[in-house]
Amino acid sequence: EMALQAQTAPVPGAGNRAITTAMAGSASPPLIDLPGLLLIGAAGRNAGKTTLATQLIARFRERFPVVGAKAATVHGHRVACPRGEEGCGVCEALEGPYRLTRELGELAGKDTTRLLEAGADPVWWLVVREGHLGEAAQDLAGRLGPESMTICESNSLRQVIRPGLFVILQRADGDKVK
């Protein structure tokens, strides 16, 4: 097993963000350092990511500006929903490498609407094709305030971002592990 060293360099005009590059000939792209980011992932579906995120936002919104985000990765060129259901059409409707939109709370019950209702402002929704995580994460990082606390639901962003804290949830019954 080869040991890796990391080199961190500040990004001009990016507040407290920096790029960390893995050394020793790694082919991986540089990681984006976001120390104010709490990234919530899960080992399976319905593990409570949004519930945890909304509870944390509600708790901290009075003391800190809290930004919310959710990222969904579209794998391959699927016609059917990756969740195995009829689906909502989001994956099929994605044109280009990614779409980053600000949640306005127009559709009740959506995870991003729930983040907004809990007190996060703004809330960003990123839908990204596999292979474009780096550029999409750079776009998202550019919209986050340098002093804000950001709570984001995503497993895949951990491949390109080094958050302040990454939490992985698992359902109590351990069902449907990814």
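The values are calculated or read from the model by the stated rules, or taken from the named source; none is laboratory data. None of these values were measured; they are calculated from a predicted model. Here the Cβ is made from the backbone with ideal geometry for all residues, glycine too, and neighbour counts use every protein chain on show.
Which residue pairs have Cβ atoms under 6 Å apart, sit 6 or more places apart or on different chains, and have a first residue in the range 135-150 that is in contact (Cβ under 8 Å) with a residue 60 or more places away in the chain and a second that is assigned to a helix (DSSP H, G or I)? The qualifying pairs are Ala137/Leu157.
For every residue, the table says whether it meets (1) acidic (Asp, Glu); (2) modelled with pLDDT of 50 or more; (3) out of contact with any Gly (no Cβ under 8 Å at 6 or more places or on another chain).
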position	(1), (2), (3)
Ala6	no, no, yes
Ile19	no, no, yes
Pro30	no, yes, yes
Lys49	no, yes, no
Phe64	no, yes, yes
Ala71	no, yes, yes
Pro82	no, yes, yes
Gly89	no, yes, yes
